[in-house]
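Below: one structure, written as structure tokens.
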Amino acid sequence: MAAIGKDLLLAKKLLDEGQVIGIPTETVYGLAGNALDQEAVVKIFEVKNRPSFDPLIVHIPSQDDLARYVTQVSEKMQLLINTFSPGPVSFLLQKKEIIPDIVSSGLPRVAIRIPAHPLFQALLSSLEYPLAAPSANPFGYISPTKAQHVDDQLGEKIPYILDGGPCQVGLESTIIGEENGEIVIYRKGGLAIELIEQYVGKVRVNEHSDSNPAAPGMLKSHYAPVSPIELYDASVVYTDKCGFLRFEHSLSNISTENQYILSKKGNISEAAKNLFEALRWLDQQKFDKIIIEFVPSSGLGLAINDRLTRALAPKV
Ligand code: TXA
Ligand code: MG
């Protein structure tokens, strides 16, 4: 078990020593280390059991630091950064050499995020370097939205988890980049695409594998519970050993104890906030199967359905 607390000085001390710790953000909890220290970054990959071809997001406290890590930022990208940072969004920008290649998996662009979580902001501001941080889950599993989730799975491998309470957004950051002057969404996430389009017009959505960004269109299992998972089918009679993920309404013919309702008000942001907690809870109950339904596909619903689709993908 890791120590869990709100001690910013201890968090800073451990990071300064090159260690890797759990940190809160408004999207999901991250597993953070000094982004400029190769050895710390290697530790992140090891603790997470993550393949080295999957690049990491670099977190900075404010735009003031941007020019240290990236070269030219286009007008469109600058507009989006100004509008949506700090927040649940990451930007793919041409990296400078100071960012080690291992962080970007050898790619010329690095993902930069300015998070809005106050405790994480305070930590970042106290450091002399940015933090590389993937979501703090073992590779391929459900992302953590509480300090306890991090401890449950990675607690043996890290000394400390900075506790910033439950994540308010609950979905990873939306990843935005630009190709030939066109804005491209590389991962649907906590910032809704409709909001982005209000500023830059229609964007392209590039459905790449979350586990291999160089392989567009590949849908690998990710965000997946250990229990078998299937899509709800109204014509099937389910046993009492099945657990259900519901958006708004429970199923009247199934015990309420077997159901997790994401938002009784039918609120999509609330559903996003509860999604990963719900999948974890369903997994912990050791049901024979987890039966899920999609949510309405607009706003954050697109990102929720993306995670559910990946959770349904066959594990290879
Ligand atoms: O909300 C978040 O983004 C959280 C918190 C901790 O900030 N982080 C997160 O990181 O979700 P992670 O490592 O679980 O997912 C990052 C994904 C990678 O899997 C990859 O698909 C994409 O971001 N990515 C990062 N750098 C990239 C790059 N240089 N080019 C293309 N894709 C990149
Ligand atoms: Mg992740």
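The values are calculated or read from the model by the stated rules, or taken from the named source; none is laboratory data. It should be emphasised that the depicted structure is a prediction, and the values quoted were computed from it without experimental measurement. Cβ sites come from the backbone with ideal geometry, for glycine too, and all protein chains shown count toward neighbours.
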Legend entry - Qualifying residue in the stretch 176-183 (condition: modelled with pLDDT under 95 and surrounded by 21 or more Cβ atoms within 10 Å (Cβ to Cβ)): no
Inset, instruction - Go through the stretch 16-40 and give me each residue that's more than 11 Å from ligand 1 (Cβ to nearest atom), under 26 Å from Q94 (Cβ atoms), crowded, with 21+ Cβ neighbours inside 10 Å and of a type in the set (A, V, I, L, M, F, W, C). - result: A35, A40
Legend entry - Candidates P108, P115, P86, filtered to the one that is in contact with a strand residue (DSSP E or B) (Cβ under 9 Å, 6 or more places away or on another chain) and without any contact (Cβ under 8 Å) to a residue 24 or more places away in the chain: P108
Legend entry - Within the stretch 218-237, tally of residues that are modelled with pLDDT of 95 or more and either charged (D, E, K, R) or not in a loop (DSSP other than H, G, I, E, B) (or both): 4
Inset, instruction - For the stretch 103-126, enumerate the residues that are part of a loop (DSSP other than H, G, I, E, B) and either hydroxyl-bearing (S, T, Y) or surrounded by 18 or more Cβ atoms within 10 Å (Cβ to Cβ) (or both). - result: V103, S104, S105, I114, P115, A116, H117
Inset, instruction - Please find, within the stretch 278-315, the residue that is farthest from the chain's Cα centre (by Cα) out of those that are over 26 Å from I185 (Cα atoms) and assigned to a loop (DSSP other than H, G, I, E, B). - result: D288
Legend entry - Members of the stretch 13-71 that are of a type in the set (F, W, Y) and either in contact with a His (Cβ under 7 Å, 6 or more places away or on another chain) or not in a helix (DSSP H, G or I) (or both): Y29, F53
